[in-house]
Structure formats: structure tokens, C-alpha cells
Amino acid sequence: MSRRRGRQEDRQAGPALRCAMTDQTLSGITILDLTQQIAGPFATRLLAAYGAEVIKIERPGSGDPARAAGPFPGDLPQSERSGRFLYLNTGKQSVTLNLKTRAGRALLLELAANADAVVENFAPRVLPSLGLDWPAFRAVNPSLAMISISNYGQSGPRRDDSATNLTLFAAGGQMSLTGEPDREPLVNGGTQALMQAGLHGFASAVTAIFGARAHGAGAHVDISIQEVQAAAMEGAGPIALVRGLDSGRGGNLPRALWGIYPCADGYVGCSVLDRNVPNLLVAIGREDLLDDPNIRSAAWRIAHNDELTAILMGFFVEHTRQELNEIANRCRVPFGYMPTMDELIDWPALREKGFWHEIEHPDAGSQTYPGRPFSIDGSGFRLSRAPRLGEHTDSVLRDRLDMDTAEIGALRERGVI
Amino acid sequence: MTKLLARALSATLLPLAAIRIIDLSMVWAGPFATRLLADMGADVIKIEGPSSPDLVRGIGAATAAVGERPWDASPYFNEYNRNKRGIVLDVARPEGRRAVLELVRTADALIENYRADVLDKLGLSPAELHRERPDLIVVSMPGFSKQGLERDMVGYGPTIEQMGGLVELSGYADGGPQKTGISYGDPVAGILAAGALVTALLRRQRTGEGAVVEVSQRDNLIGLLGEAVMDWSMNRRLQPRRGNHHRWMAPHGCYPCKPLPDAEARPVARLGGTPGAATDRWLTIAVATDEQWRALCDVIGRPELGKDERYATALDRYERQDDLDVLIAEWTAERTDDEAEALLQSRGVPASAVRSPLTLTTDPQLAARGFYREVHHPVAGDHRVAGPLWNLSEPRPEIRTPAPGFGQHTESVLMDLVGMSGAAFEKLRTDGITCDAPVTRS
């Protein structure tokens with residue numbers, strides 16, 4: 001570890017840059033990033049945003065398949081303009097390396113020898129087939145952490161099954177709870193099965209790195225996308241385990257105070273717990289019920305669910321989304337405005353806190369990116385553009401592996417990089 | 001030799017062994033964060049108030065099984081609070097606050113998910129906490145923000161997913177925005193908060209500095225929708241609700257399978273009533289490549305469609321996917337979800353049964369991995385919980401202890417960690433600062 005730090009101090013471009021680097025929360029931490037597509041890159045995107053140096057290894061030629069996934073400006077596919085890739089790879093360095101060559105694998109292990117963590121989300125059979133499994137990484141760096149994110153985990157009868165976000169959302173159980181009770185189960189918007197796993201990849205990576213630094217030994221972390229969902233079904237998971245009872249789809253209105261209602265010009269959420277009932281009554285102009293003991297009783301509210309639904313339905317249809325948002329703020333009651341993406345980007349509080357980042361990219365132009373999900377002492381987060389394919393191959397080999405121009409040129413001729 | 005010995009010893013230590021976290025959080029988001037950290041070896045001390053037990057202690061226990069301590073029998077509470085210790089202190093009173101501050105002196109981190117202004121009002125602001133323990137990591141997880149325009153806004157998991165843009169993008173193609181099946185804002189905030197806390201610990205490891213960490217649940221949620229943001233930024237396009245269809249993959253959907261026989265119907269929990277029953281079974285299929293499309297056609301006994309020019313490309317299939325959905329649903333309707341899944345997977349077509357909370361408890365994949373773990377709980381009895389999610393190669397994370405009963409560890413924690421005398425503890429008890437059964441607020 002001390003050797004790596006020494007090397008970095010020597011090799012950082014200049015004093016100004018070094019100063020900027022030490023400002024970052026995860027300064028001095030190096031991630032060897034073997035991820036592609038969504039779940040893995042989301043994990044390493046967060047590591048990069050909080051100051052880790054993330055070296056992304058891409059296949060020569062085509063790179064991360066996310067580069068082909070879009071959305072693209074004007075719907076014109078171009079590997080440096082994929083919205084998915086650009087979003088998920090901000091702040092990383094791109095190194096092309098052909099892991100099917102012996103020299104490529106040797107370079108990867110050399111990079112791993114001086115890294116804090118390897119993060120990967122290949123299908124579980126891929127890295128072992130290349131001789132790049134956990135024992136191989138541990139052999140070159142005993143204090144390394146390795147995070148593997150995969151569909152069903154690194155073991156078990158479904159380990160090698162084919163999957164996408166949709167089928168994994170079904171496999172993990174959350175889909176069975178989503179949608180209307182009398183219709184088919186529904187997948188959430190976006191790619192939530194994969195994004196949940198990405199968050200776990202980030203959190204487990206910092207934890208494993210912390211453990212390795214505290215105790216001196218690294219570890220391999222096996223994250224299953226199915227499992228992370230199966231463990232996050234609110235009360236439904238434990239009630240099945242403890243009482244043998246399933247839960248169905250609650251739909252948009254599982255109970256009167258907890259759901260989504262139509263309003264004058266769209267829809268609004270209402271998520272009221274017992275403690276919010278007085279504020280709700282004020283908000284809907286039913287102060288007359290404030291002293292009614294019935295409405296404070298959960299059992300009474302269940303028994304009179306239809307009645308309460310009718311009262312709220314009548315209130316919401318009389319008001320617009322914007323009016324309801326103002327009432328929510330004024331009365332401190334949890335109504336949920338549902339912004340469209342353009343409304344979200346113009347949302348005053350997000351503008352006020354500088355949430356959105358405008359980032360210039362030489363191929364994709366200036367685009368708007370979501371920003372900081374958590375702050376450390378009010379800051380700690382930075383975003384810079386995603387790399388072009390192989391943009392940092394030369395600099396990483398030169399700075400981290402002491403290679404000269406001739407050696408790098410030879411690797412390129414042999415198709416290793 | 002020493003090095004080998006050190007490595008052998010360290011292999012028995014979980015990453016967060018020797019890290020102590022004071023946990024003032026409740027319900028799901030915060031407890032989910034500290035569950036992840038407790039599973040990794042942290043000593044999590046959960047604090048509840050005499051008249052403010054964790055709200056989920058009231059959820060989900062069978063009425064026949066609850067006995068004299070129903071608040072200790074909640075499956076919901078016991079799932080998300082295993083591996084933690086539980087104490088009761090009235091932090092709004094000076095003696096309770098003082099006890100918390102003494103515990104903070106022994107701790108590495110404190111996490112809370114109160115409304116934005118509560119910690120300050122309790123006299124437990126980050127500045128006051130740092131006076132006791134300068135290198136403490138203080139983690140707050142407001143729905144929106146602790147300052148600025150949204151500092152007074154209240155919201156729970158569903159509010160977060162609504163205001164973060166997810167619900168607008170979710171739903172049947174012919175319907176309105178759709179709620180997720182869980183309070184989705186909660187677990188995703190919890191995972192991030194766990195990562196944020198350890199990120200600050202990593203910085204402390206390097207610099208010795210404590211930190212004030214603020215996790216904005218809504219801002220985190222927006223980050224889960226990056227592609228939709230990019231589509232707006234690049235093309236000024238609002239993504240439509242597509243049901244189970246996809247931006248370009250087709251066929252891509254959820255299809256009804258042969259129902260369970262009535263005699264094997266799954267019992268289903270119903271709000272405030274007797275359990276119902278369900279027999280529905282569903283299968284999801286996602287075709288990403290032409291090769292998978294041809295394999296699908298073979299499996300459903302329609303190989304000619306695989307050669308049909310009308311369906312040759314993803315775009316062709318996308319445009320005719322409603323017709324394809326009908327064909328596929330006719331095939332799935334004749335088969336169980338597991339049969340159909342196995343046939344498609346044998347040819348490499350992404351497919352999965354829609355597994356439910358109950359069917360997952362016997363899922364062969366989860367069983368083979370030892371996902372569920374047995375717990376013995378003194379009140380709730382023997383039951384299973386979902387296992388640790390960060391499966392370490394060594395040491396294997398375990399469920400070391402069941403979830404704490406209400407106030408179970410108050411005495412031992414105060415005596416062992418802050419050296420409180422038996423007499424002083426008795427005084428806390430007689431003064432109502434602590435107790436071992438929830439007090440009804442008058």
C-alpha cells in the first residue's frame with residue numbers, strides 16, 4: 001500500500017492537481033473496474049464521483065456494450081454518444097485491454113497488484129475461464145477487495161441462466177408486488193433491479209476496502225441481483241418467512257391514506273401515516289374531524305376504507321397537481337407531486353442546491369447529468385465526463401506500470417491494447 | 001510467520017468488526033442501512049424511546065402468537081434489526097440525552113432519519129455530537145434536504161419515488177403512473193446511506209477527521225433514472241410508460257401461465273382480514289438478440305416464425321410485439337411458470353417466473369446458496385430471515401443474534417459501555433427515562 005501511495009505522489013501531474021486530489025473523500029483509492037453495461041458501472045460511477053481513481057478496462061474495438069445502447073442524440077448510434085454509457089461512466093479512465101491474450105491478462109494482474117479493489121459484473125463463468133478468478137487476484141495482492149455482481153450469484157443451479165433487468169425483477173420477487181391486483185405484474189420504470197445491485201456494489205466495495213485496510217486482508221464479495229431484491233420486500237418478505245403468507249399486488253391504492261389518486265390535471269400521491277392524520281385533515285379542510293377519535297384508529301380506518309377513499313377522491317379531483325404541491329408544503333402533509341423529467345430538471349429546490357451538472361463531452365456535446373446523492377461536510381462529490389474508448393490506455397500503462405512508448409507501441413501492434 | 005499469523009487472524013474478522021454505530025433510525029430506510037452494516041460486523045446500538053418504539057414493531061405478527069410482548073414478535077422488525085443491540089432511552093429528557101452523549105463517546109458513527117429539524121431540537125446537533133467525539137461520523141438521511149427550499153417537506157418511501165420521477169415513468173401503457181410494490185425509496189436510500197457512512201469512515205482512516213454526512217433520499221432516487229435524464233437532455237424526449245415492454249427489446253413481457261390447482265393455492269395476507277388465496281403464475285421473457293428470437297420460436301413450437309421476414313430484426317419485432325405477445329401467451333397458458341422458464345433457459349432465452357415472497361422461500365437457487373438463515377428468537381420463536389447480501393469469501397457473514405426485544409440491552413449496554421452503576425440505571429428506570437415495555441403516550 002505504501003508503495004502505491006509513493007508512486008502516485010511521484011507521478012501525479014503537478015502540485016495543483018495533487019492538491020485537488022487530496023481534497024476528495026476517497027483520495028488515494030484505486031479501483032480496477034472490469035464492469036460493463038449497468039449494475040457494475042453504476043457502482044464504480046459512485047466510487048469515482050467521491051474521489052477514487054477508477055481505471056475501466058474495456059475490450060479493444062467495441063468497448064463496453066453500453067456504448068451501443070443509447071439513447072443517442074438524434075437517435076443516431078455512435079459509440080461515444082450513448083446516454084447510458086456517458087451517464088454511468090463519468091469520472092473514469094478508459095484503458096483497452098484484450099483479456100483473451102496472455103499479455104493482456106498479465107497487465108491486468110500487474111494493475112491489480114497496486115489497486116484497492118477489483119469490481120466486475122461478468123457472467124460468473126467468464127473470469128475463471130480466463131484464469132482471472134479470486135485466487136489469482138489474491139495471489140498478486142493479498143489486501144485486494146474484489147466485488148462481483150452477477151444475476152444469480154457465483155454459485156447455484158441458476159448461476160449461468162440468461163437474464164435481463166425484466167427477468168431479474170421477476171426473479172427477485174419485487175415484481176410480484178408491483179402493479180394492479182387484477183392485472184399482470186409490472187416492472188418498474190428504468191432498470192431498477194440492476195440499479196439496486198449497483199448501489200450494493202458501491203456500498204460493499206467501500207466496506208471491503210475499509211476492512212482490508214483495517215485488518216490487512218482482502219476478501220471477495222459475491223452479490224446476487226436476485227438476492228438483493230428478495231431481501232428488500234418491506235413487510236412482505238418476513239411475513240412469508242415467518243407466517244407462510246404470500247402478499248399480492250396492492251395496486252395504486254392499497255389503502256385510502258396510502259396510494260395514488262387522480263387529481264384535476266393528472267395524479268398525486270398520498271402517503272399518510274397515523275402521525276400525519278391531523279395535518280391531512282387540515283389540508284383537506286376537514287378540521288371538523290380533528291377531535292373524532294375514530295379517524296385516529298388504524299382499525300377504524302381499515303373498516304371504513306371506502307368511505308375515506310371517497311372523501312379523499314372528492315378532494316383531490318378538485319385540485320391541480322401544483323395546488324396540491326403547495327398544500328403539501330404549507331400543511332406538511334406527504335402528498336407526492338409526480339414531476340415529468342423536464343419538470344424535475346427545472347425543480348426549484350434542485351436548481352437551488354446545484355444538483356444538476358452540465359458536462360461537456362467532445363463527441364456528445366454538453367448534457368445534463370444528475371448530481372450528488374450524499375454530501376460529506378457539504379461537499380465531497382465531483383463529476384467529470386466519461387472517457388472515450390481507450391483514452392487513458394497510454395497514460396495508465398506509462399504512469400502505473402512504468403512502460404515506455406516503444407513497449408506500449410508493441411502491445412498495440414500485437415492487439416493487446 | 002508473524003505476517004502469516006496476522007493474516008490468519010484477520011481472516012476471522014468481518015470488515016466492520018470494532019466499528020460501533022449509534023442508530024436513532026426507524027421503520028425501513030435507516031434500519032435497512034444499519035442491517036447491512038451490522039451484517040458486516042458493526043456493533044449497532046439501536047435506540048428507541050419509551051413511548052416511541054420503532055413503528056414497525058406493530059406490523060405483521062400473527063395475533064395468536066404474540067403473547068405478552070407483541071412488540072417483540074413483529075416479523076418486519078425482526079427481519080431488519082437482527083445482529084443489532086436494542087436499548088430504550090428518552091432522548092428528549094436531559095438524563096436520556098446525557099446517556100446518548102456518553103454512548104457517542106464510545107462510538108464511531110451515529111445515524112438518524114428524523115425529520116430535518118429534530119436532531120437539533122433534541123440538543124444532538126452534529127456540533128454537539130462532535131464536542132463529545134470529534135471524529136464521529138454523523139449520518140442524516142432526510143427525504144429531501146436539511147436546508148433550503150425543501151427543509152420542511154415530509155415524505156416517506158412512496159413520496160420519494162413519486163417526487164424523484166420514478167412513478168411517472170412506471171405503469172401500464174394504457175394507464176397512469178404506477179406505485180412500486182414496496183416503499184422503494186426506503187431500501188435504496190438505506191443501501192446508499194450504508195455506503196456513505198463507510199465512505200466517511202474510509203476518509204477518517206486516512207485523515208482522522210469526523211464528518212457530517214447528508215443522504216438525500218430523493219436525490220439518490222433521481223440518480224437511478226440516469227438514462228431518462230440523458231434522453232431528455234439529448235433529445236428533449238419524455239420517456240413514455242411502456243408497461244412491461246422495452247425501449248428496443250421485443251418480445252419483452254409478462255405472460256400468464258397455467259394457474260396452481262385450487263387445492264395448492266397460496267395463502268395471501270390481507271389487510272386487516274383473514275388470509276385470501278392466490279393461484280396465479282406468471283413468466284417474464286426478454287428477447288435481446290435475433291438468436292434468442294429464433295430459439296424462442298423453436299421452444300414455442302413455431303420455428304417458421306424464426307425465419308419469417310416480418311420478424312427478422314428487433315425493430316420488426318418491436319413494431320409487431322402486440323401480435324407476438326398473443327402468440328407467446330397462448331404457449332405459456334399451457335405450462336407452469338417453472339416448466340416454461342426451464343424450456344426457454346435451456347435454449348439461452350432470458351426468462352424467469354415471477355417469484356413471489358412466498359415462492360422465494362422455497363426457491364432452489366436461493367436454497368442452494370444458503371440465502372435464508374435460521375434464527376432463534378426468544379419471543380417470536382424459530383424463524384428464517386434473509387441472509388447477508390454481501391457474501392464475503394471469508395469470513396462468512398452470519399446472523400449472530402436475533403433482533404433485540406424492546407429495551408433488551410439497555411442495562412448491559414449502559415453498564416458495559418459507559419460504566420453506569422446499577423443504582424444509576426434503576427434511577428433511569430424509575431424516572432421513566434428507560435423501560436422494557438412501550439409506554440402509551442397520554
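The values are calculated or read from the model by the stated rules, or taken from the named source; none is laboratory data. Because the structure is a prediction, the values reported are computed rather than measured. All Cβ positions, glycine included, derive from the backbone under ideal geometry; neighbour counts span all protein chains shown. Accessible surface areas use protein heavy atoms only, side chains included; no ligands, DNA or RNA. Shrake-Rupley method; radii C 1.70, N 1.55, O 1.52, S 1.80 Å.
The aspartates and glutamates whose alpha-carbon is closer than 17 Å to the alpha-carbon of B:Lys179, local same-chain residues fewer than 8 away aside, are A:Glu180, A:Asp182, A:Glu184, A:Glu234, B:Glu161, B:Glu168.
Of all accessible surface on chain B at a 1.4 Å probe, what whole percent is carbon and sulfur? All intermediate terms of the calculation are to be shown ahead of the outcome.
Values: 8850 of 16690 Å².
Within chain B, the accessible surface is 53 percent carbon and sulfur.
Reducing segment A:297-358 and segment A:114-182 to their Cα centroids gives an inter-centroid distance of 38 Å.
Charges at C-beta only: +1 for Lys and Arg, -1 for Asp and Glu. How large is the resulting dipole of chain B about its Cα centre, in Debye rounded to 20? Each step should come with its number before you reach the end.
Details: 51 positive and 59 negative charges, 216 e Å.
Charge dipole, chain B, about its Cα centre: 1040 debye, nearest 20.
Between B and A, buried accessible area from a 1.4 angstrom probe totals roughly 12700 Å², ignoring ligands, DNA and RNA. Computed from the C-beta positions of B:Ser421 and B:Glu209 and an R0 of 56 Å, the FRET efficiency is 0.95 to the nearest 0.05.
When the Gaussian network model of chain B links Cα atoms closer than 10 Å, the mean-square fluctuations of B:Ala194, B:Ala278, B:Ala116 top out at B:Ala278. Rounded, prolate or oblate: pick one for segment A:349-388, where a ≥ b ≥ c are the square roots of the eigenvalues of its C-alpha gyration tensor, a/c under 1.5 means rounded, and failing that, prolate if a/b is larger than b/c, else oblate. Judged from the Cα gyration tensor, segment A:349-388 comes out oblate (a/c at least 1.5, b/c at or above a/b).
On the basis of the beta-carbon distance and an R0 of 35 Å, B:Glu339 and B:Thr274 show a calculated FRET efficiency of 0.65. Solvent-accessible area per residue in chain A equals 35 Å², computed with a 1.4 angstrom probe and all protein chains kept. For B:Ala278, the residues whose modelled amide H falls within less than 5 Å of its own, excluding neighbours fewer than 5 places apart on the same chain, are B:Arg266, B:Val268.
Determine the relative contact order of segment A:184-305: mean sequence separation of Cα pairs under 8 Å and six or more apart, normalised by residue count, in whole percent. Can you show the working numbers first?
Numbers: 73 pairs, mean separation 15.6, N = 122.
That works out to 13 percent.
Quick check for you: which residues of segment A:141-163 have the amide N under 12 Å from the point 7 Å beyond the Cα of B:Ser346 toward its beta carbon? What the label zone holds, given the 12 Å backbone N cut-off, is no residue at all.
List, in the order given, every pair from B:Lys46/B:Lys427; A:Lys56/B:Lys146; B:Lys121/B:Lys427 whose Cα-Cα distance in the structure shown is over 30 Å. Kindly include the intermediate steps, with their values, before the conclusion.
Details: B:Lys46/B:Lys427 21 Å; A:Lys56/B:Lys146 35 Å; B:Lys121/B:Lys427 25 Å.
In this structure, A:Lys56/B:Lys146 exceed 30 Å between Cα atoms.
If I compute solvent accessible area with a 1.4 Å probe over the protein chains, what percent of it on segment A:160-218 is carbon and sulfur?
Values: 460 of 1050 Å².
Answer for segment A:160-218 is 44 percent, counting heavy atoms of protein chains only.
If only the Cβ of Lys and Arg carry +1 and only the Cβ of Asp and Glu carry -1, the dipole of the protein assembly as shown around its Cα centre is close to 2200 debye.
Does segment B:283-442 come out rounded, prolate or oblate by the C-alpha gyration tensor, with a ≥ b ≥ c the root eigenvalues, rounded set by a/c under 1.5 and, if not, prolate when a/b is larger than b/c and oblate if not?
prolate
Which is farthest toward the positive dipole end of the protein assembly as shown among B:Pro438, A:Ser62, A:Tyr337, measuring Cα position about the Cα centre, with Cβ charges +1 (Lys, Arg) and -1 (Asp, Glu)? Value computed over the given set: A:Ser62.
Quickly estimate the mean residue ellipticity at 222 nm for chain A, helices only: each DSSP H run with n ≥ 4 gives -39500 (n - 2.57), and the total goes over all residues, rounded to 500.
Details: 19 runs with 167 residues, N = 417.
After summing the helix terms and dividing by residue count, I get -11000 deg cm²/dmol.
Average 1/r across all pairs of distinct alpha carbons in segment A:231-299, invert it, and you get the Kirkwood radius: 14.5 Å.
The distance separating the Cα centre of segment A:365-417 from that of segment B:29-86 comes to 44 Å.
Atom-type composition of the exposed protein surface of segment A:323-365 places 47 percent of the accessible area on carbon and sulfur (1.4 angstrom probe).
How charged is the neighbourhood of A:Pro293? Take every other residue with its Cβ under 14 Å from the Cβ of A:Pro293, and add Lys/Arg as +1 and Asp/Glu as -1. Spell out each step's value before the answer.
On the way: positive: A:Arg296, A:Arg301; negative: A:Asp274, A:Asp288, A:Asp291, A:Asp292.
With Lys, Arg at +1 and Asp, Glu at -1, the net is -2.
Accessible-area loss of 40 Å² or more (1.4 Å probe, protein heavy atoms, chain alone versus all protein chains) is found in segment A:305-329 for A:Asn329.
Here the simple spin-label model places points 7 Å from the Cα toward Cβ, and for A:Arg351 and B:Glu128 these points are separated by 3.7 nm.
Between B:Glu330 and A:Asp75, take the C-beta separation as r, use R0 = 41 Å, and let me know the FRET efficiency to the nearest 0.05. Let's see the in-between values first.
On the way: r = 34 Å, r/R0 = 0.82.
Efficiency at R0 = 41 Å is approximately 0.75.
P(r) tail for the protein assembly as shown: Cα pairs beyond 50 Å make up 15% of the total.
Burial here means at least 30 square angstrom less accessible surface with every protein chain in place than with the chain by itself, probed at 1.4 Å; in segment B:176-196 the buried residues are B:Pro177, B:Gln178, B:Lys179, B:Gly181, B:Ile182, B:Ser183, B:Tyr184, B:Ile191, B:Leu192, B:Gly195.
Fully extending the segment from A:Arg102 to A:Arg183 would add 23.9 nm, taking 0.36 nm per residue of separation and subtracting the current Cα-Cα distance.
Neighbours of B:Glu341, meaning other residues whose beta-carbon lies under 11 angstrom from its beta-carbon, give a summed charge of 0 when Lys and Arg score +1 and Asp and Glu score -1.
Between B:Arg400 and B:Arg320, the simple label model (points 7 Å from Cα in the Cβ direction) yields a spacing of 6.1 nm. What shape does chain B have by the C-alpha gyration tensor, where a ≥ b ≥ c are the square roots of the eigenvalues, rounded means a/c under 1.5, and otherwise prolate means a/b greater than b/c and oblate the rest? Here chain B falls in the prolate category. Pairs of Cα atoms nearer than 8 Å and 6+ residues apart set the relative contact order; for segment B:190-339 it is 22 percent. Sparse packing (at most 14 other Cβ atoms within 10 Å of the Cβ) combined with a DSSP loop state is found for the following GluC sites (Glu not before Pro) in segment B:27-135: B:Glu68.
Note down the relative contact order for segment B:160-264 as a percent, whole number, built from C-alpha pairs under 8 angstrom at least six residues apart. Computed value for segment B:160-264: 32 percent relative contact order.
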